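Notes follow the structure.
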Amino acid sequence: RTRADSFVLLAPPRNDSTSGVASAASGVDKGRAPAWRLAACPEASVRDGAAAVTHAQTCCIEADEPLWYMFDTLAAAHAECGSFEKAIELQTTVIELAPGHEKKQCREALSLYEQNKPVRFTLNSTDD
């Protein structure tokens, strides 16, 4: 993915003292960053599908309203775990909830899940 939230990889993670999992500053939106990183990082050594699901589920529960990007992260986490049927179910909801300018990218993720492939974000160099 090339969305602005991919910048999370550039900053070193902080460890949550209770779980040992990388955590962001307070807030549901910022709490999504570790889940996204654990689910979709291009580096295998960083990914942890089970921890990503836990983080993403917590974010979805703590949100005051259904937020499409939280479900997008949860779908990516399920795909990382190999639960592609669940990822497809969630990503279908994501497409319904996402704003128009995000739908194309959301459909691309759905297409990957339908092929039993997890999503990976990419970091594009801005120094071209």
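The values are calculated or read from the model by the stated rules, or taken from the named source; none is laboratory data. Since the model is a prediction, treat every value here as computed from it, not as a measurement. Reconstructed Cβ throughout: ideal geometry from the backbone, glycine too, with neighbour counts over all protein chains shown. These area figures cover heavy atoms from the full protein model, side chains too; ligands, DNA and RNA do not enter into them. Shrake-Rupley method; radii C 1.70, N 1.55, O 1.52, S 1.80 Å.
Reachable lysines from Lys86, Cα under 17 Å, same-chain residues fewer than 8 places away excluded?
Lys117
Among the lysines, which have Cα under 23 Å from the Cα of Lys30 when same-chain residues fewer than 8 positions away are ignored?
By straight Cα distance, Lys30 reaches Lys103.
Roll a 1.4 Å probe over the protein chains and send me the accessible area per residue for the stretch 45-121 in Å².
On a per-residue basis, the stretch 45-121 sits at 52 Å².
Expected output is a single nm value to one decimal: the length gained when fully extending between Glu65 and His101, i.e. 0.36 nm times separation in residues minus the C-alpha distance. What is it?
Answer, rounded to one decimal: 10.9 nm.
For the peptides 60-67, 93-100, what is the packing order when you average, over each peptide's residues, the other Cβ atoms within 10 Å and list the highest mean first?
Values: 60-67: 12.0, 93-100: 15.8.
Descending mean neighbour count gives 93-100, 60-67.
With the Cα gyration tensor of the stretch 56-107 giving a ≥ b ≥ c as the square roots of its eigenvalues, does the rule (a/c under 1.5 for rounded; else a/b larger than b/c for prolate; else oblate) give rounded, prolate or oblate?
Cα axes put the stretch 56-107 in the oblate bin.
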